[in-house]
Structure formats: structure tokens, C-alpha cells
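Accompanying notes for the structure given below.
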2 protein chains.
Amino acid sequence: MTFLSASLEQSPSTAEEEAYLYLQRGLRLCRYKPGDRLIPEEIAAEIGMSRMPVREAFRRLAAEGLVTLRPNRGCIVAGLTLDEIYETFEIRSVLEGLAVRLAVPKMDADAFLDLERLLDRMERAGQTGSSDWVVRHQEFHALIYTLSGRPNLIRKINALHVVIEPYMRFWFDYVDKPLSAREEHERLIRAFAQGDALHADQIMQEHILGTAPLLAEFASPVRR
Amino acid sequence: MTFLSASLEQSPSTAEEEAYLYLQRGLRLCRYKPGDRLIPEEIAAEIGMSRMPVREAFRRLAAEGLVTLRPNRGCIVAGLTLDEIYETFEIRSVLEGLAVRLAVPKMDADAFLDLERLLDRMERAGQTGSSDWVVRHQEFHALIYTLSGRPNLIRKINALHVVIEPYMRFWFDYVDKPLSAREEHERLIRAFAQGDALHADQIMQEHILGTAPLLAEFASPVRR
DNA sequence: TCATGGATTTTTGTATCCACTTATCCAATC
DNA sequence: GATTGGATAAGTGGATACAAAAATCCATGA
């Protein structure tokens, strides 16, 4: 579901890494819900290790905002309030807008063809929100962000996607389609073709902020 | 030095917290330099605890990008390449621009007076870059960001400031003054007065991106 | 002189143990 | 019946111990 999901599939080289990936997957797939307590001993038993590596994984997840860690009171799954969902979308809009703006001048004919091909495949995937459409949609955005050539920016964007993935999942499962998606992607392509970085930035910001209200509405059952 | 530095001064309630704050201070004050190895046992001895809490602190610092953790090969201080410094400033520019944009409609007469008072005090502090000027400058920006009413956004901005602080410190120590700072602050105030959010956003972006080349030039000795 | 390989040392990763904090439960009291 | 207080259980934080990995050192040979 995330743009760098491939990199998350690598086999862990330490127990801490394994615990981290295990917990992150659980969080992304909504196996653990906001407010749930994560008990180190339980999780350690589930993946066959002691509590220590699990505790260390908690620290990383806490730093990424996926869980909350209170001294002597354990680890609970962090949930986003409606306000925080909006806030995350606002932050996404400027970060992904920046990525697009930086990508425009680096666009070449090959990359442009790749983009158009993905758009075609999204079209043929049929229903917006279908499994295949979602994958192509991700590839479409990932390709643009990669073009920006800014690894830390991409990392930050990806971290935000992990945080909101449970809410996105709910949305993709239940919402038929964001009707404007196709048109917005085509406008984006056109801005790329014209080399208009600022316009592409603006389209991306609108593209992201436009989905926020939809998401917030449908995400409510997941809220804490 | 950071906008939320006050919140960092709280007394730690656990050993891990203490280790985290100790290491973060060491990193911000350049006591540890990029590429340096951080040896858990040494640090644990320095603050009188065992390696375990120090290791956990490493995880948090790694998630924040302040150190790099390689399996079985320890913890080294992360340095920023010239490209990464630029990238950080690009990210800062859009995030802080967003914060300003959101702050404009929330500006009231009181907040406006506070801003002008800080600008006055910066003026009277004399030399740009002096200790007092730096503090007022931070307060000035912090006040604006607080007005945005977006806690996670502020947290992210602050995290970026911690990352680049060693480079900023070098800059403030050796560079006389960014001549344009005063003029840019006044333009910002004017945009606030007119309620022009987009213009304020743009000014902030230029304000931040304008300092990047200066910083990158003077930061070179700190690079790894 | 430099490269190679293996023994030794150092450091890291994880498990276990203990002390202390927090949560739970139950009875006594209002 | 609701509230409080205290005993008990559960859970967390941290130190130590031990195994495994990496780094270092030194001798050997080209």
C-alpha cells in the first residue's frame, strides 16, 4: 500500500527488525486498532522472541507516531482524530506538491511514456478503487516522486502514508470512486508536458486536499 | 535553539528518556560529529546506567534521522551531505510556508502586537546573529507556527530544526548577518496585516530557501 | 613491503532476572 | 449501592549474563 512497500518486504536481519515489521504490518492492516494496548510479552511470544527486541521496536514506532508510549503504562496504538487526519492531508499536500514541482524539470520522454502507460492501465483496471487500480495509482505517484530525486522527501511522504493507511484502506474498501481522480491525473500529465512545475504542484495539492473530506467522513468508524 | 526547546528541558522520568535527551543535546551542540561512533557502554557509563536504555534511545534518534543504526555494526552520528542540507531546506520551506498560511486567518490584534513587539526587540538586539537576536528570531517564528493550530505540523518542523541545528549553529557563530532577514520579516508582517495567506506563504518559502545557500557554504567544515 | 588467514578481543544482540510501578480485585465502610 | 483502602496480580523498566557477530591483531607467506 505504501510507495516503498517493496523495501518493507525485505527479510529482517535482527529480531528487533522482525518485531518492527510485524507490528507495522499489524498496524497497517488494522489488526491492532487505535487505543489497543500492545503487550510486549504477548507479541514476543507470537513471533518467538523475548520482550527486549519488541520494546525497541516500540521506540521506533513511537518516533514515527504509530504508537504512544507512556512511562510505566505501556504501549497503545495511536489513533488519528478527525483534525489530525486533516492535518496529515495538509502536510501531505505540500510535501507531495513539492515532490511534483521538483519532478517536472527532470521529466524526460521515457518517464513521460511510463506515466502515460500507467494512466492507461489505471483506465483499463476499470473501477476506481479496485485492487489493480490502487496498485497502478500508487505506481503512478511513486514514479513521479522518484523523479524528484529527493530521497528524504520521499521517505517522509511514505511515513505519512503508513500513518494514514488504515483510514485509506477503509476508504478504498467502501467508497466507489473519487470521480475527479481521472481528470486530475490527466491535468497533472498535461502540466508535466508543458513543463509547468508550479501548476503541477497546485494540481497535486488540490488532488490530495480534495480527498481529505471524503476520507475523514468514511474513516470515522476507525477512529478511537 | 529549537522552537520547542522548552519542552525538551523537562526532567526525564525514565533512564531511556535521560539517555535520549543527553544524546540529543550532544548532537545538537556538536559534541558528537558526523561519522563518530556512539558506543553504548561508554555513554551508559557517562550517565550512570546500563547499555539497555541507551540502545533504546538510539532507536528513537535513528527514527528521527539523527543517527544511523546498522545491524551488528553499531550507531554512528548521521551527517548531512550538501544535497541533504538543501533537501532539508526545501522541505522546511513548504512545511513552514504551510504553517504561515494557516496562521494568517487566525491572526488577531493581540497576536499581531506580540509579533511587532518581537520584531522591535530583534531590532534593538542589534547585530543579526547575536545570541539575543537568535532567541527573539526563534520566538518570532514559534509564535507564527503556534498560531497555525497544527501540533503535528509544528512537531515536524521542530524535528527538522533539530537535524540542521549543528549547521545553523556554525552559521550563527561565523556569519555576520543575513542582510535580507529584517526586510523579509517586515514583508511577512505586512502580508499578515493584509490577511494575504498565499503571499505570506510565498515570503516564508523565499525566506527559508534564501538562507540555504549561505548555510550550505558555511556548513562545509561540519560535513562528514 | 604488502596481502592473507586465523586467533583473539571487542562489541552487539538477545534472554533472563529482579525491583518497582501500575492495575485489579475484594472487602470494609459510609 | 457506591466508595475507599489495601492486598494481590500484572506489567514495565533496567541490569546482568551469555551467545553471536564484527573488528582487530599478528603471524605467515608471496
**Prompt:** B:Glu41 is checked against (1) surrounded by 14 or more Cβ atoms within 10 Å (Cβ to Cβ); (2) within 14 Å of B:Leu23 (Cα to Cα); (3) within 12 Å of DNA strand C (Cβ to nearest atom) and fails just one. What number does that condition carry?
**Reply:** (1)
**Message:** I'd like to know if segment B:111-126 contains one or more residues that are in a loop (DSSP other than H, G, I, E, B) and either out of contact with any Pro (no Cβ under 6 Å at 6 or more places or on another chain) or modelled with pLDDT of 90 or more (or both).
**Reply:** yes
**Request:** Among residues belonging to segment A:39-81 that are more than 9 Å from DNA strand D (Cβ to nearest atom) and acidic (Asp, Glu), point out the one that is nearest to A:Ala200 (Cα to Cα).
**Result:** A:Glu64
**Prompt:** Given the structure, is B:Leu23 out of contact with any helix residue (DSSP H, G or I) (no Cβ under 6 Å at 6 or more places or on another chain) and more than 10 Å from DNA strand C (Cβ to nearest atom)?
**Reply:** no
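Across segment B:82-107, which residue is most open to solvent (accessible area, probe 1.4 Å) among those that are over 17 Å from B:His207 (Cβ atoms) and within 11 Å of chain A (Cβ to nearest Cβ)?
B:Asp83
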**Prompt:** Is it the case that segment B:148-155 has a residue that's assigned by TED's automatic domain parsing to the domain that holds B:Gly195 and closer than 17 Å to B:Leu198 by Cα?
**Reply:** yes
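On the basis of being over 25 Å from the mean Cα position of the chain (by Cα), away from DNA strand D (no atom under 13 Å from the Cβ) and closer than 30 Å to A:Arg150 by Cβ, does A:Ala109 make the cut?
Values: over 25 Å from the mean Cα position of the chain (by Cα): yes; away from DNA strand D (no atom under 13 Å from the Cβ): yes; closer than 30 Å to A:Arg150 by Cβ: yes.
When the stated conditions are applied, A:Ala109 passes them.
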**Message:** When you scan segment B:126-141, do you find a residue that is among the aliphatic types (A, V, I, L, M), touching an Asp or Glu at 6+ places or on another chain (Cβ under 7 Å), assigned by TED's automatic domain parsing to the domain that holds B:Gly195 and open to solvent by less than 30 Å² (accessible area, probe 1.4 Å), even just one?
**Reply:** no
**Message:** Quick test for you: out of A:Glu18, A:Glu87, pick the one residue that is in contact (Cβ under 8 Å) with a residue 12 or more places away in the chain, outside any strand (DSSP E or B) and either more than 11 Å from DNA strand D (Cβ to nearest atom) or not aliphatic (A, V, I, L, M) (or both).
**Reply:** A:Glu18
**Message:** Here are the criteria: (1) open to solvent by 30 Å² or more (accessible area, probe 1.4 Å); (2) within 11 Å of chain A (Cβ to nearest Cβ); (3) on the phi < 0 side of the Ramachandran plot. Tell me which single one B:Gly65 does not satisfy.
**Reply:** (3)
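The values are calculated or read from the model by the stated rules, or taken from the named source; none is laboratory data. Please read all numbers here as calculations on a predicted model, not as lab measurements. All Cβ positions, glycine included, derive from the backbone under ideal geometry; neighbour counts span all protein chains shown. Keep in mind that these areas ignore ligands, DNA and RNA; they rest on the heavy atoms of the full protein, side chains included. Shrake-Rupley method; radii C 1.70, N 1.55, O 1.52, S 1.80 Å.
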